[in-house]
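**Q** Mind looking over this structure? Questions follow.
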Amino acid sequence: MVFEKVLIANRGEIAVRIQRACKEMGIKTVAVHSVIDRDAMHVRLADESVCIGPASSNFSYMNMGAIISACELTGAQAVHPGFGFLSENANFAQAIQEHGITFIGPSPEHIRVMGDKVEAKKTALALGLRTVPGSEGEISNIEEAQSISHKIGYPVLIKATSGGGGRGMRVCYHPCELKELIENASTEAQACFGHSGVYIEKFLANPRHIEFQILGDNFRNVLCLGERDCSVQRRHQKIWEEALCPVLSTDQRQEMYTKVIHAMKQFGYQGLGTLEFLYENGQFYFIEMNTRVQVEHPITEMIYGLDLIRLQLHVAQGLPLPYTQDDLRPFGHAIECRINAEDPENFCPSPGKIGAYAAPGGPFVRIDSALFSGYTVPSNYDSLIAKLVVWGITREECISRLRRALNEYVISGINTLIPLHLRLCDEPDIQCGKYHIKWLEDYLKDKG
Ligand code: ADP
């Protein structure tokens, strides 16, 4: 089916990003928005817009009924969920389909399997991918948790089955803390995800987070669009991402591309997806799969010269992939800095009114953002307000360009992470790519 009109069930920079792809493809766009987002950029740029509820996302961007009604009202043939909100909600994907509307993403069944982290690990294992040692399923009692933790050895990580965004996770260093930490993680999981189930995994010492971008069509063709290194994290949340990973050899990456493609072909996956791994001592351990577009997709676009949202729309229209794996050649290096509306020292959220706004420019600099001068960043949503993405022929050139672009970037009136990113550009460990998932937290502790 050729899409004429797509509804974008999201807000902020990703809603604007999706609109850009739609417009370039000649597809009309429908924005949905909460009351507080009435004047937001994604609403201003859309061909049509529908207000779907109050500021609280539970009653607007998470409101399935209102979104489906907006489709009916505007005649949108497809829904793009972006990331966050309902993007990984299998019931939403199914409800959309039941209304005769295309969900731009994988099948509800694939979303369901990968959305349950325990199921996801079992599936990955069956598809030939190594997983982090741990419990086989959800923990049903403390005795079971103790025996598994003893077997795999402390420290262990307690993780929410339906977790996301680094929430519902607790590191346990000693058996005497286990019971209390499981209770903490379960309570947080219940509050955040409506499901209190947790499982246990070996807490790896100093791994890197390396993820593989894949794209499948309805004909069992699957591409692997390289990897991204997202090890620079705070509280399990990514801050700075790079493509390709600065420490993998060509052989290591080829081996993983082959494995990942094979697994996803067997799975019959359609759409964009990311397989996340922890990488330690030359081994990859699958941790989860995201069945949607990711925040950091632009760095992959920069090195491959491809528009991933356009390709996502392409396969969602039932068309075969226009490329084979042999057609794809990454070129150069790309880095993304997440610019959050947060204090760069203590990471307190910093919503408020933007005064002056001037985005950097020049060669190979890309900003994905929905900001403008006079816009008020609401306190109701995620703090990610802009992504600065920079390309360079070498990693070194990329970092120099990034520093230059960060220095040009003016966002006044609120605090942002720009000063932190500038400091990172000058850090020797970052410059030589010598970091792991705990590096940033150690750095912040040491340097204050
Ligand atoms: P979420 O869906 O909440 O983002 P993930 O499973 O993707 O959770 O994990 C998020 C981050 O938590 C990872 O990038 C990594 O930094 C850390 N992490 C996850 N599992 C482990 C583990 N077994 N050992 C050490 N760190 C881990």
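The values are calculated or read from the model by the stated rules, or taken from the named source; none is laboratory data. Keep in mind that what you see is a predicted model, and the values were worked out from it rather than measured. For neighbour counting, all protein chains shown are included, and Cβ atoms are generated from backbone atoms with ideal geometry for every residue, glycine included.
**Q** Of everything in segment 154-169 that's at pLDDT below 95 and more than 8 Å from the ligand (Cβ to nearest atom), which residue is farthest from ARG112 (Cα to Cα)?
**A** THR161
**Q** While we're here: For segment 252-289, give me each residue that is of a type in the set (S, T, N, Q) and surrounded by fewer than 22 Cβ atoms within 10 Å (Cβ to Cβ). Let's see the steps before the verdict.
**A** Applying the first criterion (of a type in the set (S, T, N, Q)) to segment 252-289 yields 252, 254, 258, 266, 270, 274, 281, 283.
Of everything in segment 252-289, those that are of a type in the set (S, T, N, Q) and surrounded by fewer than 22 Cβ atoms within 10 Å (Cβ to Cβ) turn out to be GLN252, GLN254, THR258, GLN266, ASN281, GLN283.
**Q** For CYS230, all conditions in the list (1) assigned to a helix (DSSP H, G or I); (2) under 22 Å from the mean Cα position of the chain (by Cα); (3) not acidic (Asp, Glu) hold save one; what is the number of the exception?
**A** So CYS230 meets the others, but not (1).
**Q** Only one of SER249, SER231 is within 16 Å of the ligand (Cβ to nearest atom), farther than 26 Å from GLY137 by Cβ and either in contact (Cβ under 8 Å) with a residue 12 or more places away in the chain or surrounded by fewer than 18 Cβ atoms within 10 Å (Cβ to Cβ) (or both); which?
**A** Working: SER249 fails: within 16 Å of the ligand (Cβ to nearest atom).
So the residue among SER249, SER231 that is within 16 Å of the ligand (Cβ to nearest atom), farther than 26 Å from GLY137 by Cβ and either in contact (Cβ under 8 Å) with a residue 12 or more places away in the chain or surrounded by fewer than 18 Cβ atoms within 10 Å (Cβ to Cβ) (or both) is SER231.
**Q** Determine which member of the set ASP382, ASP426 is free of Cβ contacts under 8 Å to residues at least 40 places away in the same chain and either more than 16 Å from the ligand (Cβ to nearest atom) or surrounded by fewer than 20 Cβ atoms within 10 Å (Cβ to Cβ) (or both). Let's see the steps before the verdict.
**A** Details: ASP382 fails: free of Cβ contacts under 8 Å to residues at least 40 places away in the same chain.
Selected residue: ASP426, the only one of ASP382, ASP426 that is free of Cβ contacts under 8 Å to residues at least 40 places away in the same chain and either more than 16 Å from the ligand (Cβ to nearest atom) or surrounded by fewer than 20 Cβ atoms within 10 Å (Cβ to Cβ) (or both).
**Q** Can you give me the number of residues within segment 194-212 that are under 22 Å from the mean Cα position of the chain (by Cα) and outside any strand (DSSP E or B)?
**A** Summing the residues that are under 22 Å from the mean Cα position of the chain (by Cα) and outside any strand (DSSP E or B) in segment 194-212 gives 6.
**Q** A follow-up question, please. Inside segment 374-386, can you point out the residues that are farther than 29 Å from THR300 by Cα and touching a Phe, Trp or Tyr at 6+ places or on another chain (Cβ under 9 Å)? Show your work before the answer.
**A** Taking segment 374-386 and keeping what is farther than 29 Å from THR300 by Cα, we get 374-376, 378-380.
Residues satisfying the conditions are GLY374, TYR375.
**Q** Could I ask something else about it? Would you check if ALA191 is within 30 Å of ILE339 (Cα to Cα), touching a residue at least 60 places away in the same chain (Cβ under 8 Å), more than 21 Å from the chain's Cα centre (by Cα) and within 15 Å of the ligand (Cβ to nearest atom)? Break it down into steps so the answer makes sense when it comes.
**A** On the way: within 30 Å of ILE339 (Cα to Cα): yes; touching a residue at least 60 places away in the same chain (Cβ under 8 Å): no; more than 21 Å from the chain's Cα centre (by Cα): yes; within 15 Å of the ligand (Cβ to nearest atom): yes.
Spelling it out, it is not the case that ALA191 is within 30 Å of ILE339 (Cα to Cα), touching a residue at least 60 places away in the same chain (Cβ under 8 Å), more than 21 Å from the chain's Cα centre (by Cα) and within 15 Å of the ligand (Cβ to nearest atom).
**Q** Going through segment 194-228 one residue at a time, which ones are touching a residue at least 60 places away in the same chain (Cβ under 8 Å), within 16 Å of the ligand (Cβ to nearest atom) and not hydrophobic (A, V, I, L, M, F, W, C)?
**A** Hits for segment 194-228 are GLY197, TYR199, GLU201, LYS202, ASN206, PRO207, ARG208, HIS209, GLU211, GLN213, ARG228.
**Q** Same structure, new question: Pairs please, first residue from segment 8-20 and in contact (Cβ under 8 Å) with a residue 40 or more places away in the chain, second anywhere and of a type in the set (Phe, Trp, Tyr) and crowded, with 24+ Cβ neighbours inside 10 Å, Cβ atoms under 8 Å, 6+ apart in sequence or on different chains.
**A** ALA9/TYR61; ASN10/TYR61; ARG11/TYR61
**Q** While we're looking at this one, here's another question. Do you know which of the residues in segment 120-153 that are part of a helix (DSSP H, G or I), touching a residue at least 12 places away in the same chain (Cβ under 8 Å) and among the polar types (S, T, N, Q) is nearest to the ligand (Cβ to nearest atom)?
**A** Among those that are part of a helix (DSSP H, G or I), touching a residue at least 12 places away in the same chain (Cβ under 8 Å) and among the polar types (S, T, N, Q), it is SER149.
**Q** Among (1) modelled with pLDDT under 95; (2) touching a Lys or Arg at 6+ places or on another chain (Cβ under 6 Å), which single condition is HIS236 missing?
**A** Evaluating HIS236 over (1) modelled with pLDDT under 95; (2) touching a Lys or Arg at 6+ places or on another chain (Cβ under 6 Å) leaves (2) as the failure.
**Q** Could you check how many residues of segment 162-188 are part of a helix (DSSP H, G or I) and in contact (Cβ under 8 Å) with a residue 40 or more places away in the chain? Full working, then the answer.
**A** The first filter runs over segment 162-188 and keeps only residues part of a helix (DSSP H, G or I), leaving 175-188.
With in contact (Cβ under 8 Å) with a residue 40 or more places away in the chain added as a condition, the list becomes 182.
Total meeting the criteria: 1.
**Q** For segment 1-21, which positions are in a loop (DSSP other than H, G, I, E, B) and not small (Gly, Ala, Ser)?
**A** Step one: of segment 1-21, the residues in a loop (DSSP other than H, G, I, E, B) are 1-4, 9-11.
Correct list: MET1, VAL2, PHE3, GLU4, ASN10, ARG11.
**Q** Filter segment 57-100 for residues that are in contact with a helix residue (DSSP H, G or I) (Cβ under 9 Å, 6 or more places away or on another chain), in contact (Cβ under 8 Å) with a residue 60 or more places away in the chain and surrounded by fewer than 20 Cβ atoms within 10 Å (Cβ to Cβ) and give the result.
**A** If the condition is that a residue be in contact with a helix residue (DSSP H, G or I) (Cβ under 9 Å, 6 or more places away or on another chain), in contact (Cβ under 8 Å) with a residue 60 or more places away in the chain and surrounded by fewer than 20 Cβ atoms within 10 Å (Cβ to Cβ), then GLN77, PHE83 are the ones that fit.
**Q** When the residues of segment 234-246 are filtered to those that are within 16 Å of the ligand (Cβ to nearest atom) and not in a strand (DSSP E or B), which remaining residue is nearest to ILE393 (Cα to Cα)?
**A** Only one residue fits best here, namely CYS245.
**Q** Does LEU440 satisfy being buried (at least 20 other Cβ atoms within 10 Å of the Cβ), within 23 Å of the chain's Cα centre (by Cα) and at pLDDT 95 or above? Explain how you work it out, then say what you get.
**A** On the way: buried (at least 20 other Cβ atoms within 10 Å of the Cβ): yes; within 23 Å of the chain's Cα centre (by Cα): yes; at pLDDT 95 or above: yes.
For LEU440, the condition - buried (at least 20 other Cβ atoms within 10 Å of the Cβ), within 23 Å of the chain's Cα centre (by Cα) and at pLDDT 95 or above - is met.
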